[in-house]
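Structure first, commentary second.
The values are calculated or read from the model by the stated rules, or taken from the named source; none is laboratory data. Because the structure is a prediction, the values reported are computed rather than measured. Methodologically, a virtual Cβ is constructed for each residue, glycine included, from the backbone with ideal geometry; neighbour enumeration extends over all protein chains shown. Just the protein is used for accessible areas: all its heavy atoms, side chains included, with ligands, DNA and RNA removed. Shrake-Rupley method; radii C 1.70, N 1.55, O 1.52, S 1.80 Å.
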Amino acid sequence: MSIIRQIQRLKFIDFLVRKRLPEIYKAPNFNRIAINNKMLSLSVFKNKSYVLIDFWASWCAPCRELSPHLIELYNHYHLKGLEMISVSCEADKIAWAEAIKKDKTGKWYHVLENKSTSNALKKIKETKESLRDLFNVLPIPALILIDTKGTIIGRFGGYDKGKEGLDDKLKEIFQ
């Protein structure tokens, strides 16, 4: 393939990506039973709030170290239009609940990555897929910022420069 043809092909691919950007970065909706045993759907925040999704686990030291900073962000931006959902990537519900209590992060929504296995909750339709799979999250902590239109506008590692990048983005949005 000639260099000119390769350049044309790359320009066309770039055009397609830019044209489809809102579809590519659309946040997938999900339904999960929250820690308070009530259904939580991401779609309830659309056209109302920005949403920060925090992927974490009680056994993850960097995740737990991030908790005080998340509390600061919630306290500073919640009344300005930021909601937070913490998604725990574990199966141990007791450790999950104890970590929320110990870290004092119960101010916002908390769900488990995988759907509930409780017999009492079988009638409620939860999203079947793992939330980590839906959002393409591998290492934790991971933070995903979604705008009021339901578009993913930022992905951040939960520590080091990821935290600073999130702080900068939130300042830009809520200034």
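Table for the structure above
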{"quantity": "T148/E90 FRET efficiency (R0 41 Å; Cβ-Cβ; nearest 0.05)", "calculated": "0.85"}
{"quantity": "Apportionment of accessible area to carbon and sulfur, segment 56-106, percent (1.4 Å)", "calculated": "59 percent"}
{"quantity": "Estimated inter-spin distance, A97 and S41, nm [label 7 Å along Cα→Cβ]", "calculated": "2.7 nm"}
{"quantity": "Computed accessible area, I3, all protein chains, 1.4 angstrom probe, square angstrom", "calculated": "120 Å²"}
{"quantity": "Full-extension gain in nm, K80 to S130, via 0.36 nm per residue minus C-alpha separation", "calculated": "15.0 nm"}
